[in-house]
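Remarks on the structure that follows.
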Amino acid sequence: MPDTARRERFEQAVLPHLDAAYSLARWLTRNDQDAQDVTQEACLRAFCFFDGYHGGNMRAWLLTIVRNTCYTWLHQNRHPDSTQIFNEEIHSLELSGGADPEIQVLASADKETLHRALEELPDVFREMLVLREIEEMSYKEIADVTSVSLGTVMSRLARARTRLRQSLSVGLGRGH
Amino acid sequence: MSCELTQHYVPGYLDGELDLVRTIEMETHFKSCPACARELESQQALHAALQRSSLAFAAPAGLRDRILSSLRTSSGVEVQERKIKWPSLNIWQWAGAFGVLALFSISGWQLTNHLRAPSSDQRIAAEVFSSHVRSLEGDHLMDVVSTDQHTVKPWFDGKLDFSPPVEDLASDGFPLVGGRLDYVEEREVAALIYQRRKHFINVFVWPNPTGTNSTQAIESRQGYNIMRWSRGGFQFWAVSDVAVSDLAEFVQLLETHISSESK
């Protein structure tokens, strides 16, 4: 295929997902400039791989590349928080205190508080919540993007939510 | 349905990832159990808070142009040598697995086993196959690493609602190397990992609700062999890239060990 035609086909397929790509990069790097660099890098990388893309879920395909690019970047630029291995505990939903005040807290949580709490989660949990709650991906898509099993997606997502709830409850408890 | 199991499935329920039967079981349980209903309410509150806060970022104005112009100035060859070094080409493995799965659904399966409906077998085959491929990709082949069946078996206690039969076949050339929790047909299953020289065999085990025993059936796809059978109230699916004859021998040995153990 001539270079121009190939590039145009790529731009048509990939650029509609640019916001999703940047948003994931922004949540994983927690920094605008880094997110822009990573997104650009990932798009160039995707362009190299584009001949191997034969249809299917373009957004998941692109986000897989963005995620890999982010982790490579994080690995080179930061302490190895992103490579933590977590023991997958399935039944870890116990939260301290009654649930009713917690529901109040969650119902009144504002964007800034949520943003901060989400940003403070370890990468491995944050990416699960970003893909599920922000990108609204199915478990299968998340499993594909993150290269883990469906069971792991489910248990990590459960732990991510528990940790986020704990952090929100503690945060607001302090204010009173 | 127990509270423990219900709470475990609350996220799946909330995300619309459960099948109809389990969804109805969950809803029945919520009506009779205030504690689980409260747990659901908390998770719903978190979900609602995340949804209403619109936490997605939009790409900044200039980024699109920056990317377009870098695409125009970079040829594919140059890009590969850019500043980021790639640890592995996971995307290709992913794309490969995806392609194989697509083939599965197009070609369908010629199954002779009458235990379950073909569509269900086809779905399970695709799931165990993709789990097998995925387990070999990253660092998630094993949750518990042990060649001792007396370590692996108790490890599953409390993680599953059943106790899978665990046998070491090291003396027969198929050492047990570990275990993992996996997910097939929207339920937690035990995955036991055996090794044959440099190759791995994933054996997925979960209870067989009909309780009937079935003969072994084998299917080959894309260089992988998948073998399934039911015995002693469990169903088993073994997936590997070892030769068909090796896999058949392995399954025979496993059957013999399990039945002698249960006598």
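Structure notes:
- Distance from the Cα centroid of the range B:185-205 to that of the range B:1-60 is 30 Å (rounded to whole angstrom).
- Neighbouring partner chain Cβ atoms per residue of B:200-207, average, 10 Å criterion: 0
- Over all other residues within a Cβ to Cβ distance under 10 Å of B:SER53, the charged ones net out to -1, with Lys and Arg as +1 and Asp and Glu as -1.
- Counting neighbouring Cβ atoms within 10 Å and putting the fewest first, the residues A:LYS140, B:LYS198, B:LYS153 line up as B:LYS198, A:LYS140, B:LYS153.
- Sequence-distant aspartates and glutamates (8 or more away, or on other chains) whose Cα lies within less than 12 Å of B:LYS198: B:ASP241
- Relative packing of peptides B:204-210, B:19-25 - highest average C-beta neighbours within 10 Å first: B:204-210, B:19-25
- Other residues lying with their Cβ under 9 Å from the Cβ of A:GLU141 contribute a combined charge of 0, Lys and Arg counting +1, Asp and Glu -1.
- Per-selection Kirkwood Rh - the range B:1-45 (Cα, Å, 1 d.p.): 10.2
- Cβ neighbours within 10 Å from other chains - mean over B:11-17: 6
- When the range A:99-175 is described by a simple charge dipole with +1 on each Lys and Arg Cβ and -1 on each Asp and Glu Cβ, the residue from A:SER169, A:ALA117, A:LEU131 located farthest towards its positive end is A:SER169.
- Partner shielding of B:177-186 amounts to 3, given as the average count of beta-carbon atoms from other chains within 10 Å of each residue beta-carbon.
- q = 0.22 Å⁻¹: log10 I(q)/I(0) that the Debye formula gives for the range A:3-77, counting C-alpha atoms only: -0.91
Since every read-out is calculated from the coordinates, none of them should be taken as a lab result. Since this is a predicted model, take the numbers as computed values, not measurements. Positions of Cβ are backbone-derived with ideal geometry, glycine not excepted, and every protein chain shown enters the neighbour counts.
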